[in-house]
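Participant: Dropping the structure in here first, questions after.
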Amino acid sequence: MLQNLWNGLVQGGIYAIVALGYTMVYGILLLINFAHGEVLMIGAYTGVATLAGCAGTGAMEAVGFMPCLAMAIIGATCVSAAYGFAIERAVYRPLRGAPSLSPLIGAIGVSMVLQNYVMRTQGASPIYAPMSHPAYVASLGASNWDIGPVSIAPLDLVVLVVCVALMAGLWMFVQRTRTGTAMRATSQDRVMAGLVGIDVNRVISVTFVIGSALAAVAGVLLALFNTQAKYDMGFTSGMKAFTAAVLGGIGNVPGAMLGGVLLGVAEAVGIQLLGAEYKEVYSFVILLAVLIVRPKGILGERVAEKV
Amino acid sequence: MRDRIVRLLVATLAAFLLALPVASLRGNSSTGFTIVWTPAFVTAAMVLVGGAILFAAVEAQRRGTAFWDARAATDSAVGRRRPCAAQAWTLGVLVATVAALPLLGLPGAWTKLLLETMVFATIAVGLQITIGMAGLLVLGHAAFWAVGAYTFGLLTVHQGWNFWIAFPAAGVAAALTGLVIGLPALRLRGDYLAVVTLGFGEAVRWVIKNEQDVTGGDANLPGNIVPGSFRKPMGALGEWLWQPAAVDGRTFEPGTVQALIDRECYWFALVLLVVCVACVHLLAKSRVGRALFALREDETAAKCMGIDTTRVKLVAFMASALWAGLAGVVPAVHRGSINPEMFDFNTSVLFVAMVVLGGLGSITGSIVGAALLWMLPALLANWFPEVQEYRYLFFGALMAAMMVVRPEGLFGGARRKGAA
């Protein structure tokens, strides 16, 4: 039981940083960015390809696993951020101000394109991270630590540390920096923010870039967790991350973090109590339950409809 | 003009640079990094060509010569301005022709293709109620199709129900499922429905996969649980549809049996489509239909006019689900078996693409959309087999491009809304 809770906590950390991307975009544009999961998947592909390439060229033997992982994460972040920026520029910006159905359909179209694009160019079978490489075994492949009934893998710790660091970093960025303040202002009232001199287009671009970068890190961690990257991984993790965002209160940054962790733990409890067969269904049931019981989410406030 | 060309070139360059790390870069743990240049160049070329077409379309629209405005074209051809009788005649002749096709020696492959198209058209016209009229996005409509197909299949296989009782039961089951799913989501902003139905679509697929004892899981229903019993004689039409090998004591050659099933199902699907179109047409003209259009244009305003938005949305959603459920019966009968992979997310997106391409709010559009998106790839695949593999890529691009250039679709009326 405790072991499952621990696994759920680690998994929940990943959900939380993906959920942040959904929630930030929704907070500003009131748009569910269906392509967010695909941006994650692209990050995962870039990261795993970089890791595998490092293993193949011998760089991993020379410098060890962790520098290669850092490089993979940086590479994935850059590529995903570029995709997030481009998607916003090419599809969402022309559709801003259109009836809300148009950007939604546009988003699902983009998601479809990216998923099939990667499937056709990289193949339908997954690509694998070099988890049997001696450098990996030497660093993260060490045996688990047993603390009471819980066995903690080194990778779990890396995932948790990275997730907590990212969340703290984002929190500082949103609360302390000028751009972060501009983001909060824009999400409160876009027109008013524009009138007081905030470059709204720039803020929205920054939001997409940050959200996509976070998704990329989550993608690489998720790929390590599952030892592989596959073209449809963004679809399922995107759905779960969205549930996490709704659970915490969509549009609310701390809510997304809380929601992610809670969802991961709830999923682990569900697997413990009801079996792993329906692993993919629990998050949907939780989503329905949240919408029935408390649609504004745990930390969300009901915002009056803007007319 | 120069501005457009510069933007197009920038987009092409961007596509090339974006494609490089994702499509061209390969990392291998034994050989290291390799770069395959072709995918990046092909991507850039596709973006260049596609972008040029888009710009030409936008330019044509700006000049008022919208050559793809199918609505105007059919209006002049069918005579929408002329009395209703002319339209009714055109429609009647069209339906009669389609109905007569199998008798005129339509090849089996074509019968099958047209039959599938009619099933998809039924679902697309039904989905039109939710997406086109109410303006709510549904991303798991294939799940209602699955609920219908499996309800029908389970009732007939396990319970031995008569075809004519199991058929409406399939529709009712789908509509009730719509009620359960829609109730929590539809009280809120419209876009929650998209995510809830997306999750629902996956959940249904997993339930079907996991409950193998009942549904046969991945091994199809009826699979090998109840061998041979799937095609039992069931009532008047059921007898024809389900066990044509021994109808009225006649026996058939193995080849002609399939032809007979094809033909019976073809007419059944045609009748279903016609009834569906009639119902949706009447709904659009009714009080509820008007309320739905009002809702699509401005939910807040509609609420202020005294429309019970939750109830109206729920009616629309359930009606959509009902038609998908009824349409689910046809593949179950025609194929003789159903499996969860038929009802995956791609299928749901395909339905949305049909509605979007045809035009939001247009019934004709949905039928044309279904025909284009289902028949065109199937026909092209005769010469270029790889078309089928790339079609979802194309559908996605089509949906996004359609939203940017012509959100009202081929047949949609000009109902554009100003900036909110």
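The values are calculated or read from the model by the stated rules, or taken from the named source; none is laboratory data. Since the structure is predicted, the reported quantities are computational estimates derived from the model, not experimental observations. Counting neighbours? That spans all protein chains shown, and the Cβs are built from the backbone with ideal geometry, glycine included. Ligands, DNA and RNA are excluded from the accessible area calculation, which covers all protein heavy atoms including side chains. Shrake-Rupley method; radii C 1.70, N 1.55, O 1.52, S 1.80 Å.
Participant: Considering only residues that are buried (at least 24 other Cβ atoms within 10 Å of the Cβ) and at the interface with another protein chain (Cβ under 8 Å from one of its Cβ atoms), look in the range B:176-193 and name the one that is nearest to A:TYR278 (Cα to Cα).
Facilitator: Looking at residues that are buried (at least 24 other Cβ atoms within 10 Å of the Cβ) and at the interface with another protein chain (Cβ under 8 Å from one of its Cβ atoms), I get B:ILE181.
Participant: Pull out all pairs, ordered by first then second residue, where Cβ-Cβ is under 9 Å, the residues are six or more apart or on different chains, the first lies in the range A:285-296 and is more than 8 Å from every other protein chain (Cβ to nearest Cβ), and the second is open to solvent by 80 Å² or more (accessible area, probe 1.4 Å) and of a type outside the set (S, T, N, Q).
Facilitator: Short answer, once both residue conditions are applied: A:LYS296/A:ARG302; A:LYS296/A:VAL303.
Participant: From the list B:ARG287, B:ARG296, B:ARG335, B:ARG311, exactly one residue is closer than 30 Å to B:THR215 by Cβ and open to solvent by 40 Å² or more (accessible area, probe 1.4 Å). Which is it?
Facilitator: Numbers: B:ARG287 fails: closer than 30 Å to B:THR215 by Cβ; B:ARG296 fails: closer than 30 Å to B:THR215 by Cβ; B:ARG311 fails: closer than 30 Å to B:THR215 by Cβ.
Sole residue among the options that is closer than 30 Å to B:THR215 by Cβ and open to solvent by 40 Å² or more (accessible area, probe 1.4 Å): B:ARG335.
Participant: Out of the helices (runs of 4 or more DSSP H) lying entirely within the range B:327-420, which hold 1 or more residues that are within 11 Å of chain A (Cβ to nearest Cβ)? Show your work before the answer.
Facilitator: On the way: elements: B:345-358, B:363-380, B:387-405.
Fully inside the range B:327-420 and qualifying: B:345-358, B:387-405.
Participant: May I pose another question? Which of the residues belonging to the range B:1-20 are farther than 17 Å from B:LEU54 by Cβ and open to solvent by less than 90 Å² (accessible area, probe 1.4 Å)?
Facilitator: Of everything in the range B:1-20, those that are farther than 17 Å from B:LEU54 by Cβ and open to solvent by less than 90 Å² (accessible area, probe 1.4 Å) turn out to be B:PHE16, B:LEU18, B:ALA19, B:LEU20.
Participant: Give me the residue from the range A:120-138 that is assigned to a helix (DSSP H, G or I) and surrounded by fewer than 18 Cβ atoms within 10 Å (Cβ to Cβ) and, out of that set, nearest to the other protein chains (Cβ to nearest Cβ). First the steps, then the outcome.
Facilitator: Looking only at the range A:120-138, we keep the residues that are assigned to a helix (DSSP H, G or I), and these are A:120-122, A:134-138.
If we keep only those that are surrounded by fewer than 18 Cβ atoms within 10 Å (Cβ to Cβ) as well, we get A:120, A:134, A:137-138.
Details: A:ARG120: 7, A:PRO134: 12, A:VAL137: 13, A:ALA138: 16 Å.
Out of the qualifying residues, it is A:ARG120.
Participant: Report yes if some residue within the range B:21-31 is in a helix (DSSP H, G or I), touching a residue at least 24 places away in the same chain (Cβ under 8 Å), in the same structural domain as B:VAL58 (by TED's automatic domain parsing) and buried (at least 18 other Cβ atoms within 10 Å of the Cβ); otherwise report no. Explain how you work it out, then say what you get.
Facilitator: The initial filter retains those residues of the range B:21-31 that are in a helix (DSSP H, G or I), namely B:21-24.
Of the ones still in play, those that are also touching a residue at least 24 places away in the same chain (Cβ under 8 Å) are none.
There is no residue in the range B:21-31 that is in a helix (DSSP H, G or I), touching a residue at least 24 places away in the same chain (Cβ under 8 Å), in the same structural domain as B:VAL58 (by TED's automatic domain parsing) and buried (at least 18 other Cβ atoms within 10 Å of the Cβ).
Participant: A follow-up question, please. Residue under question is A:ILE42, and the condition is that it be crowded, with 24+ Cβ neighbours inside 10 Å, within 19 Å of the chain's Cα centre (by Cα) and either over 26 Å from B:ILE129 (Cα atoms) or without any contact (Cβ under 8 Å) to a residue 60 or more places away in the chain (or both); does it hold?
Facilitator: Details: crowded, with 24+ Cβ neighbours inside 10 Å: yes; within 19 Å of the chain's Cα centre (by Cα): yes; either over 26 Å from B:ILE129 (Cα atoms) or without any contact (Cβ under 8 Å) to a residue 60 or more places away in the chain (or both): yes.
In short, yes.
Participant: Still on this structure: Is it fair to say A:TRP145 is open to solvent by 50 Å² or more (accessible area, probe 1.4 Å) and modelled with pLDDT of 90 or more?
Facilitator: On the way: open to solvent by 50 Å² or more (accessible area, probe 1.4 Å): yes; modelled with pLDDT of 90 or more: no.
Spelling it out, it is not the case that A:TRP145 is open to solvent by 50 Å² or more (accessible area, probe 1.4 Å) and modelled with pLDDT of 90 or more.
Participant: If you don't mind, there's one more thing I want to ask. Inspect all residues belonging to the range A:198-218 and state whether any of them is basic (Lys, Arg), within 14 Å of chain B (Cβ to nearest Cβ) and surrounded by fewer than 24 Cβ atoms within 10 Å (Cβ to Cβ).
Facilitator: So far as the range A:198-218 goes, no, none of its residues is basic (Lys, Arg), within 14 Å of chain B (Cβ to nearest Cβ) and surrounded by fewer than 24 Cβ atoms within 10 Å (Cβ to Cβ).
Participant: Against the condition away from every other protein chain (no Cβ under 14 Å), open to solvent by less than 20 Å² (accessible area, probe 1.4 Å) and part of a helix (DSSP H, G or I), how does B:ALA124 come out, does it pass?
Facilitator: On the way: away from every other protein chain (no Cβ under 14 Å): yes; open to solvent by less than 20 Å² (accessible area, probe 1.4 Å): yes; part of a helix (DSSP H, G or I): yes.
Answer is yes for this residue.
Participant: If you don't mind, another one. If we scan the range A:103-112, do we find a residue that is in a helix (DSSP H, G or I) and open to solvent by 30 Å² or more (accessible area, probe 1.4 Å)?
Facilitator: So the first thing to find is which residues in the range A:103-112 are in a helix (DSSP H, G or I), and the list is A:103-112.
Those left that are additionally open to solvent by 30 Å² or more (accessible area, probe 1.4 Å): none.
No, because not a single residue in the range A:103-112 is in a helix (DSSP H, G or I) and open to solvent by 30 Å² or more (accessible area, probe 1.4 Å).
Participant: Taking the conditions exactly as written (more than 7 Å from chain B (Cβ to nearest Cβ), in contact (Cβ under 8 Å) with a residue 24 or more places away in the chain, crowded, with 17+ Cβ neighbours inside 10 Å and assigned to a helix (DSSP H, G or I)), does A:MET66 satisfy them or not?
Facilitator: Working: more than 7 Å from chain B (Cβ to nearest Cβ): yes; in contact (Cβ under 8 Å) with a residue 24 or more places away in the chain: yes; crowded, with 17+ Cβ neighbours inside 10 Å: no; assigned to a helix (DSSP H, G or I): yes.
In short, no.
Condition check ((1) at pLDDT 90 or above; (2) within 18 Å of the chain's Cα centre (by Cα)) across all residues:
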{"position": "B:THR111", "(1), (2)": "no, no"}
{"position": "B:THR117", "(1), (2)": "yes, yes"}
{"position": "B:LEU139", "(1), (2)": "yes, yes"}
{"position": "B:THR151", "(1), (2)": "yes, no"}
{"position": "B:VAL172", "(1), (2)": "yes, no"}
{"position": "B:ARG187", "(1), (2)": "no, no"}
{"position": "B:ALA219", "(1), (2)": "no, no"}
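Participant: In the list B:THR65, B:THR43, B:THR90, B:THR74, which residue meets the criterion of being of a type in the set (S, T, N, Q), surrounded by 15 or more Cβ atoms within 10 Å (Cβ to Cβ) and at pLDDT below 75?
Facilitator: Step by step, each of B:THR65, B:THR43, B:THR90, B:THR74 is checked, and only B:THR74 is of a type in the set (S, T, N, Q), surrounded by 15 or more Cβ atoms within 10 Å (Cβ to Cβ) and at pLDDT below 75.
Participant: Within the set of pairs 6+ apart or on separate chains, which have a first residue in the range A:168-182 that is in contact (Cβ under 8 Å) with a residue 12 or more places away in the chain, a second that is open to solvent by 40 Å² or more (accessible area, probe 1.4 Å) and not β-branched (Val, Ile, Thr), and C-beta atoms under 7 Å apart?
Facilitator: A:VAL174/A:ARG184
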